[in-house]
Amino acid sequence: MPISFLILFEEKQYIILLLVVGYIIHYYILKNNKFNKDDYHNFLIPRIVPYKIPWIGSAIPYGTNPTKFLSECREKYGNIFTLKLAGKNITFLLDPLVLPLIFKEKNFVFSSFADKIVQQAFSIDKSTTARMSHQARNPQKYLGGENLLKLIENTKIKLVDTILNKIKSNDNFDNKPEWKQGYFYDFIARILWISSTEGFFGKGFAEEDMWNDFYTFDNKFPILISGIPKIFAWSALKSQKKLCQLFTKQRLFRENENEWVTYRSKEFLKIFDQEQFMNIQFSLIWALMANTIPIAFWTIANIISNSHIKMRCEQEIENFTKVDPKTKQINFIELSKFIYIDACINEALRLTSSSLVVREALEDSKIHVEYLNQTYLIKKGETIAFYPPLTHIDSEIYGDDAKEYNPSRFLPNKDGSKKIFMKNGKEVKLHLVPFGGGSSMCPGRHYAREEIKLLVIYCIYYIDFKLHDKIPSIDIKRAGLGVYSPLNDIKFEYRLKYHIQVD
Ligand code: HEM
């Protein structure tokens, strides 16, 4: 506003002008906020947790141990508070009874975070993602129903074949089972690497030793997405480049390839250049393996370390399988019968999955929590998050043994009804949240569970294990990003079970 214009006003007129301008600004802010004046008297304003270093905020204690820090904040500030984390304000809503409302709210989206992660880790920019069709981005149809059965069948064939090759005696002429040595995480990972990639991308897609490159990349994943210059993860970039070569044109469209993969390849080859195409397909391999492998490891390591749990798995396998007298292989009709093994997987997911549920508000939104008679107002552009590990080890929900591995807690009640978990006298429907929720809920969850179940069944049926060390601790550097890896691998011995003969 030119100064000469202000000179025209006397003092009284000047004050009136200021009041009018103030009112107009106030009116527009409220209008753009979509909230009216009354809202501000009733809603809950999350407190910003005090911090000492500007911009950095609480990033150091959060990054060091998120579970400990968030649990301390919850004790001091309650279930809702805001953290300043490296220049960004994130509002944590830690009440599992509020989570269904977050998943239901259409204005809260996961895509802005997914876009950032794929940009940083896989060099796929937002404009590339925006050009993909809905069907190419949303595989629900291809990872469920008949398609899932086909996918599981193809995975199973390779999985059994790989296990048998690993345990068969090499140069033992009387064909007696012999003990072999190895590292347990590596053993599990190699079987899944080869059977999952073959299940999705078709026959003979990858070599087993390529797992080493995947491991190198995945191990540096937290650095890649942290925004630290990529040069600090050069080994990961080298491995990524090698693995991207799996997607040269002449290697595509293999026998038994999953239909979603075929659909995507056809679409993407038309609209993207070779480099973009390879990066996109590589990101799919990452989604497929990165969480499934550690969950399989934690599940099987816990089963074989506890003789009672192992015996119950063996009983279940005996009850629901038949041995083919010719091939000595086991057959079964429905994986859904294996409810104890399913409970073992749930228990591993509960104790070791830590993916942050993170959403951005596209519009000003109200979350009304009926049981508290309170309304949270979340403003457009704000980031909200739910941290599952705090719910997963909540002793009010899971009891005093919440930190222990006890699959029985997930078994149905004696009358066959589903177990109900309670908190504050209310049923907690979302007490186990390893796969996110709402419209972006992990589309690969059914596949991951079925594949891990197959692995458990075949490992327990065929193999005698001797672990040389205790189950390792979790490595918290992946907290918030997915399933924790073990801090170290464990030496073990394995052999074909004595009573089984395979050709
Ligand atoms: C135990 C194994 C797995 C775990 C714990 C897991 C976990 C998750 C989580 C937490 C999300 C984010 C969801 C949200 O915040 O709403 C996600 C997304 C996704 N997952 Fe999984 N996942 C697993 C296995 C798989 C497998 C086997 C695939 C196979 C393709 C897969 C494909 C995807 C894809 C494509 C997305 C992105 C969905 C979107 O952006 O809408 N995941 N997963």
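No value in this document is a laboratory result; all are computed from the given coordinates. Source: prediction; values computed, not measured. A quick note on method: Cβ atoms are made from the backbone with ideal geometry, for glycine too, and the neighbour counts reach across all protein chains shown.
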Any chance you could give the angle, 0 to 90 degrees and rounded to 10, that helix 307-320 forms with the longest Cα principal axis of the chain?
70 degrees
Could I have the simple spin-label model distance between Lys470 and Asp161, label points 7 Å from Cα toward Cβ, reported in nm to one decimal?
4.1 nm
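Given DSSP loops and a limit of at most 16 other Cβ atoms within 10 Å, what is the longest stretch of the chain that contains no such GluC sites (Glu not before Pro)? Kindly include the intermediate steps, with their values, before the conclusion.
Details: sites that count: Glu10, Glu178, Glu207, Glu255, Glu334, Glu363, Glu404.
The segment 11-177 is the longest one with no such site.
Within the set Lys76/Lys423; Lys104/Lys379; Lys156/Lys203; Lys76/Lys116; Lys126/Lys270, which residue pairs have Cα atoms separated by over 21 Å? Before the final figure, lay out the partial values.
Working: Lys76/Lys423 19 Å; Lys104/Lys379 17 Å; Lys156/Lys203 12 Å; Lys76/Lys116 32 Å; Lys126/Lys270 18 Å.
Beyond 21 Å between Cα atoms: Lys76/Lys116.
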So which aspartates and glutamates can Lys238 reach, going by Cα to Cα under 13 Å and dropping same-chain residues fewer than 8 places off?
Asp213, Asp218
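Let me have the 222 nm mean residue ellipticity of the chain computed from DSSP H runs of 4+ only, each contributing -39500 (n - 2.57), with the sum over all residues rounded to the nearest 500. Please list the in-between numbers first.
Details: 22 runs with 239 residues, N = 503.
Helix-only estimate at 222 nm: -14500 deg cm²/dmol.
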Got a sec to turn the phi values of region 482-498 into Karplus ³J(HN,Hα) couplings, 6.51 cos²θ - 1.76 cosθ + 1.60 with θ = phi - 60°, whole Hz, x for Gly and Pro?
x, 7, 5, 8, x, 5, 8, 7, 10, 6, 7, 10, 8, 7, 5, 4, 4
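Which value, in debye to the nearest 20, describes the size of the charge dipole of the chain about its Cα centre when Lys and Arg Cβ atoms bear +1, Asp and Glu Cβ atoms bear -1, and nothing else is charged? Please list the in-between numbers first.
Values: 67 positive and 56 negative charges, 114 e Å.
So the dipole magnitude of the chain works out to roughly 540 debye.
Mean 1/r over all different Cα pairs, inverted: what Kirkwood radius does region 43-123 give, in Å?
Details: mean 1/r = 0.0701 Å⁻¹.
So the Kirkwood estimate lands at 14.3 Å.
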How about Lys419: which aspartates and glutamates have a C-alpha closer than 13 Å to its C-alpha, ignoring those fewer than 8 places off in the same chain?
Glu427
How big is the chain in terms of Cα radius of gyration and Dmax, in angstroms?
26.6, 110
Which pairs, out of Lys158/Lys322; Lys141/Lys166; Lys220/Lys403; Lys158/Lys266; Lys322/Lys477, put more than 31 Å between their alpha-carbon atoms?
Lys141/Lys166; Lys322/Lys477
